[in-house]
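Below is one structure; the comments refer to it alone.
Read-outs throughout are calculated quantities, based only on the coordinates presented, and are distinct from any laboratory measurement. In this text the structure is predicted, and so the values were computed from the model without any measurement. Backbone-built Cβ (ideal geometry, glycine too); neighbour counts: all protein chains shown.
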Amino acid sequence: MTDQEKIAMLEETWELDEGTLTADTVLADVDEYDSMAKLSLIVLMDDEFGVKLTGDVIKGFETVADILKLMENA
Amino acid sequence: MFTEINNVKVIGMAAAVSPEWDSISDLSDEDEATVQRFIKKTGVSGRYSASPRQTTADFCFAAAEKLLEEKQIDKKEIGVLVFVTQTGDYRLPASACVLQYRLGLPKECICFDVNLGCSGFVYGLNVLASLLSNTAVKYGLLLAGDSSAREFSTRRKQREGHSGNWLFGDSGTATLMEKTEGGRLQFLSQTDGSGYKAIISPYGSWRNPDSPDGRTHYVVMDDIAVFNFATAEAPKQLNDFMAKTGTTPDDYDCLVLHQANLMIMKRVAKKSEFPEEKMLVSMDRFGNTSSSSIPISLVDKYGETEDDRTVKALCCGFGVGLSWATCALEIAAADILPLVHTDAYYKDGYNLDDQV
């Protein structure tokens, strides 16, 4: 799966317009990245990548690239 | 712990909320897109909240009065009253004692509070069933509810991790149990106190009488920890329960989960292999009602039903503690009463205004 496809999955999960996110996007700048979005991310990572996210791991995410890295390792 | 208690039966259920329903849009000062996203993700479009002086005990009182009147129960035969709440009227005495007086129950009736939330309805049923099965008492009353809307009313923004602001609703329920030949209740209950910080109201009690900012009645919740706990442990327990009792989702008319949030509920149903259409959803209109959520969902679904079918429900509550519990219960649909609406409060309740 390409980074672009993974980013598209994140955009779909968070109901963002296509092209809103890039690997460099800082999550703190995304208005929609709230507590519900984090729960959606947990579901996505578990269902699609078999990764169980904890609060500490999520707190460590600064940019979209940090999430992409975890998807790669899955 | 797995327990099976014979010769007890749930013979009535009622729930009470205020007459006023507020939509999330009305409650919120966030922009409409944020509100719509919240509604879509949590499934909550509004909630009932208590009138200014109304408490959980007032809702439970109204539900119990209606239930005892409809079932024409002789109050002298009620020997146990268990009140499950985290929003009791006073720090002491136990609100159950006050409710015994208000309801006119006999002095022989044992009354106490149980401090549990989302798992509390199932725990309360377990305690009540155990007491009934070991005594000569004919009827027991379980009152369960919370008025959590007030505790979560601090309006901190969702992105700070406090999506609970609009999630919680106020209510109270009453469930009547009878000691009778042939009844049976099964329970599977667990606790993991190591997660006690995941949902906590740390101030205003004896360890921290005061708080850093002077407000003492709010709840702090670690959304992610709670989500991970609920979506892992609740389905595991449901599956264990079905394995122990030799049942499958086909054996139940409905799955009644604690109405935590719709994302959690859907995952729990999926992981326990329940078809989503069997899962009752009431939180869209009631919010998360803590220990009320299971009985209120049954009232919402069957309260207006008048036929003579029996409802077989698999119920699972999970949350604060951390504590989680599952039970299978059968109840005649006709014994589940329509929703009660009331804004009445206990005027003799040591209200501050009356002390001046």
Under the classification rounded if a/c is under 1.5, otherwise prolate if a/b is larger than b/c and oblate if not, where does region B:307-355 fall, given a ≥ b ≥ c as square roots of the Cα gyration tensor eigenvalues? oblate
Once phi for every residue in region B:292-302 is put through the Karplus expression 6.51 cos²θ - 1.76 cosθ + 1.60 (θ = phi - 60°), the whole-Hz ³J(HN,Hα) values, with Gly and Pro written as x, are 7, 5, 6, x, 5, 5, 5, 4, 4, 7, 10
Between B:Ser323 and residues 5 or more places away or on another chain, which pairs have amide H atoms under 5 Å apart, with H built 1.01 Å from N, and which residues are they? B:Asp192
Residues meeting the amide H criterion for B:Tyr346 (H placed from the backbone, H to H distance under 5 Å, 5 or more places apart or on another chain) are B:Thr55
If amide H atoms are built 1.01 Å from N in the plane of the peptide, which residues on other chains or at least 5 residues away come under 5 Å of the amide H of B:Ala332? B:Val311
Give the Debye-formula value of log10 I(q)/I(0) at each listed q (0.08, 0.10, 0.13 Å⁻¹), with one equal scatterer per alpha carbon of the protein assembly as shown, two decimals each. -0.45, -0.69, -1.12
Dimensionless Rg over Rh [chain B; C-alpha; Kirkwood]: 0.95
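Based on the Cβ-Cβ distance of B:Glu304 and B:Ala243, what FRET efficiency does E = 1/(1 + (r/R0)^6) give at R0 = 35 Å, to the nearest 0.05?
On the way: r = 35 Å, r/R0 = 0.99.
Efficiency at R0 = 35 Å is approximately 0.50.
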Rounded to the nearest Å, what's the spacing between the alpha carbon centres of region B:212-281 and region A:1-44? Just the number, please. 26
How far is the Cα center of region B:19-51 from the Cα center of region B:309-356, in Å? 22
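Classify region A:3-73 from the C-alpha gyration tensor, please: rounded if a/c falls under 1.5, else prolate or oblate depending on whether a/b exceeds b/c. Walk me through the numbers on the way to the answer.
On the way: a/c = 1.32, a/b = 1.18, b/c = 1.12.
It is rounded, given that a/c, with a ≥ b ≥ c, falls under 1.5.
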If the only charges are +1 at each Lys and Arg Cβ and -1 at each Asp and Glu Cβ, what is the size of the charge dipole of the protein assembly as shown around the Cα centre, to the nearest 20 debye? 1700
What's the FRET efficiency of B:Glu108 with B:Asn351 using the Cβ-Cβ distance as r and R₀ = 35 Å, to the nearest 0.05? 0.75
Compute the convex hull volume of the Cα atoms of region B:194-317, divide it by the residue count, and report the result per residue in Å³ as a whole number. 147
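Taking a ≥ b ≥ c as the square roots of the Cα gyration tensor eigenvalues, with a/c under 1.5 meaning rounded and otherwise prolate when a/b beats b/c, else oblate, which class fits region B:269-338? Numbers along the way, then the final one.
On the way: a/c = 1.70, a/b = 1.44, b/c = 1.18.
Prolate, since a/c reaches 1.5 and a/b exceeds b/c.
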Once the in-chain neighbours fewer than 8 apart are removed, the lysines whose Cα is under 19 Å from B:Lys71 read B:Lys9, B:Lys138, B:Lys179
Determine the shielding of peptide A:42-52 by partner chains: average, over its residues, the number of Cβ atoms on other chains within 10 angstrom of each Cβ. 2
